[in-house]
Structures are given as C-alpha cells and as structure tokens.
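See structure below.
The values are calculated or read from the model by the stated rules, or taken from the named source; none is laboratory data. Worth saying up front: this structure is predicted, and the values here are computed from it rather than measured. Virtual Cβ from ideal backbone geometry, glycine too; neighbours counted across all protein chains shown.
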Amino acid sequence: MSSRTNPTVAVLMGGPSAEREVSLNSGRACAAALREHGGYKVVEVDAGPDLYAVLTGLAPDAVLNCLHGRWGEDGCVQGILEWLKIPYTHSGVLASAVAMDKQRCKDVFRAAGLPVVDSIIVPAEQVRGGHVMTPPYVVKPNNEGSSVGVYLVADSNNGPPQLDDSMPEMVMVEAFAPGRELTTTVLGDRALTVTDIVTTGWYDYDAKYKEGGSSHIVPADIPREIFDLCLDYALRAHIALGCRGVSRTDFRWDETRGAAGLILLETNTQPGMTSTSLTPEQAQATGISFPALCAWMVEDASCAR
C-alpha cells in the first residue's frame, strides 16, 4: 500500500448480493476498527452500479473489501480494482472466482490431495422432481456463501426438496458429511487456530448470524492430530487456490473415523467480520486485536493479487 501519511482507505460493503446485510455489518465493524486503530482516513462505500465512478472520484490509497457473496467475492469487483490500479485486500481475481465456484474449488482441493465429499451440478428442476443422490445429501447454490439457500435432505422418505424459486437454475448436490463443524483462518502465510462451532441444529444462515444461533469453542477441544490437520489443510487450501491476505476454510469431522473423517467443505476468501464472526475471534485468540487485524489487511493490500 501507499506509504503516504494518513492514507485514505475505502471500505467496500453492502452490494447487491444475497449477503448484503451481513456485508454491511462487516463493513461498519471494520471501518470502526480502523478508526480505533488510527492512522487512516476511512470512507465507507456502499457498492452499487456506480462503484467505478465513486472509486475514481475518491481515489483511495487502498480498498478494504468487506463485500460478501456474488460480485464482491467472486472476482468481479477485484477486476474493477485491478483496472483502477487501487491496492485491495484479500484474494485476487482468479483465486476469488475459483473459491466462489464450489465445484471448481473442490477440483483444486482434489488435485492438491485434500479430502472432499462427492458432489454434482444438476438443474434445480431435476432436484425438485426426485432424488438425484441417495440421502442424506445437501442442496445449495454453487456460487453463494453464508449458508444462503442450503437444504438438507436427511431421509428418502421425506421426498425431494421443494427448492425456493430464488434458487439458481443449476445447483450443487453434495453428499452429507456428518460430524462436528470446524474452521480455520489463514492470515498471510500461517494458519491461526481451530474453532469448534456448536449448534443445536443445522449450521444455517440464522445459526451463523443471529445472536445465540451458535457457540464457538476456540481453540477447539479436539485431538492434537485433528487440530494440526485442520491447520495444515487450511494452509494448503489457501496456497492451492492462490489466496492472498485472509481466508477461512470450513471442515466437517466425523470423530468416529479419526483423521479419515476430516473433510474440507469450502474456503471463504472474504470471511465475515461481524460481531459473531469466526475470523476476528480466531485472531483475538492468537493475540491479534480486531483493529490490528483490520490494519494488517490494509497494509497487506496490493494489486496483481
């Protein structure tokens, strides 16, 4: 990033995706943290169709990207920032696009020797019409995050899922991976720690973002072998995808199968930064305050990522 005194940082938030509200919360929290840290002129930008013109007029020294979901997390806004030659945080165009496409992300994981479950991409109408995979399985959009539009089909007796009309034309159907929900943040070139996410039901959108929806045990109280595997797999996933800055990889662990029961679900290149978010918690647990984390991301910002 620029070495100017009191550089201007544009915090991108909101946007048009299904995760707009979460993004607004992340952006506001990060903007407040940067102001608390000091040393930056912070401008909050709700990303809309005029984003190119807004950024051109603002000419910030760096962009802290707090957008979530499509357009902000899939390489689109990263392309705009590359075109404008504005240093930005998190992953670049290619890594963002591949990580956001869950099926292609799995292909990268497999090539890197990382464990994943089987999945297929099929028309949503076909899923509504009958089981395309033996239950239990999960149906979700191939390119959304934050558990948006996720359906769990637990038993064949329940019939196929009646997907909401807002679901895309093509969806991912994935074999259900039983077990505990674990996650690990990578910051630069190191994996921070492991969180065990405890919830009474499915870890859906409400469990992630509503107060009391889930509890986080950090560091996770799991065998050292599994803990170390999470750190290793998360860093390898980060590297294999070509991620930069911060990423977070989510796992399922079936403890009845030991190390063989640990599988990767996906890597999030724009982890949430709300009051209930996992990445700030992990940073705090390893001695990095939220303002320091946000400042680190800004100082790490660059083009050609």
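Looking only at the stretch 45-54, filter to residues that are of a type outside the set (Phe, Trp, Tyr) and in a helix (DSSP H, G or I); which one of those is surrounded by the most Cβ atoms within 10 Å (Cβ to Cβ)?
First, pick out the residues of the stretch 45-54 that are of a type outside the set (Phe, Trp, Tyr): 45-51, 53-54.
Adding the requirement that they be in a helix (DSSP H, G or I) leaves 51, 53-54.
Values: Leu51: 21, Ala53: 10, Val54: 17.
Checking each candidate, the answer is Leu51.
Remark: pairs (first residue in the stretch 124-145, outside the structural domain of Glu169 (by TED's automatic domain parsing) and modelled with pLDDT of 95 or more; second residue in a strand (DSSP E or B) and aromatic (Phe, Trp, Tyr); Cβ separation under 8 Å; 6+ apart in sequence or on different chains) are absent.
Within the stretch 280-298, residues that are free of Cβ contacts under 8 Å to residues at least 12 places away in the same chain and among the polar types (S, T, N, Q) reach partners that are crowded, with 19+ Cβ neighbours inside 10 Å and assigned to a helix (DSSP H, G or I) with beta carbons closer than 8 Å, at six or more positions or on different chains, in the pairs Gln284/Phe290; Ser289/Ala283. Scan the helices (runs of 4 or more DSSP H) fully inside the stretch 211-305 and keep the ones with 1 or more residues being among the aromatic types (Phe, Trp, Tyr), farther than 16 Å from Ala191 by Cα and at pLDDT 95 or above. Those helices (runs of 4 or more DSSP H) span 290-300. Going by the conditions given, is Asn143 among the polar types (S, T, N, Q), more than 30 Å from Ala301 (Cβ to Cβ) and not in a strand (DSSP E or B)? Against the criterion (among the polar types (S, T, N, Q), more than 30 Å from Ala301 (Cβ to Cβ) and not in a strand (DSSP E or B)), Asn143 does not qualify.
For Cys76, the conditions (1) buried (at least 19 other Cβ atoms within 10 Å of the Cβ); (2) over 25 Å from Arg236 (Cβ atoms); (3) out of contact with any helix residue (DSSP H, G or I) (no Cβ under 7 Å at 6 or more places or on another chain) all hold with the exception of (1).
Which of the residues belonging to the stretch 293-305 are out of contact with any His (no Cβ under 7 Å at 6 or more places or on another chain) and more than 19 Å from Val218 (Cα to Cα)? Residues satisfying the conditions are Trp296, Met297, Val298, Glu299, Asp300, Ala301, Ser302, Cys303, Ala304, Arg305.
With respect to Gly57, is the statement that it is in a helix (DSSP H, G or I) and more than 24 Å from the chain's Cα centre (by Cα) true?
yes
Looking across the stretch 146-183, the residues that are small (Gly, Ala, Ser), out of contact with any strand residue (DSSP E or B) (no Cβ under 8 Å at 6 or more places or on another chain) and either farther than 24 Å from Arg70 by Cβ or not in a loop (DSSP other than H, G, I, E, B) (or both) come down to Ala154, Ser156, Gly159.
Scan the stretch 25-44 for residues that are within 14 Å of Ala62 (Cβ to Cβ), in a helix (DSSP H, G or I) and in contact with a strand residue (DSSP E or B) (Cβ under 9 Å, 6 or more places away or on another chain) and jot them down. Selection gives Cys30, Ala31, Leu34. Annotation: of all residues in the stretch 1-24 being out of contact with any Cys (no Cβ under 9 Å at 6 or more places or on another chain) and assigned to a helix (DSSP H, G or I), the one that is surrounded by the fewest Cβ atoms within 10 Å (Cβ to Cβ) is Glu21.
Take the stretch 169-194 and flag every residue that is more than 30 Å from Gln126 (Cβ to Cβ) and either under 15 Å from the mean Cα position of the chain (by Cα) or buried (at least 18 other Cβ atoms within 10 Å of the Cβ) (or both).
The first filter runs over the stretch 169-194 and keeps only residues more than 30 Å from Gln126 (Cβ to Cβ), leaving 180, 182-194.
Once the filter is applied, which keeps residues that are more than 30 Å from Gln126 (Cβ to Cβ) and either under 15 Å from the mean Cα position of the chain (by Cα) or buried (at least 18 other Cβ atoms within 10 Å of the Cβ) (or both), the stretch 169-194 yields Arg180, Leu182, Thr183, Thr184, Thr185, Val186, Leu187, Ala191, Leu192, Thr193, Val194.
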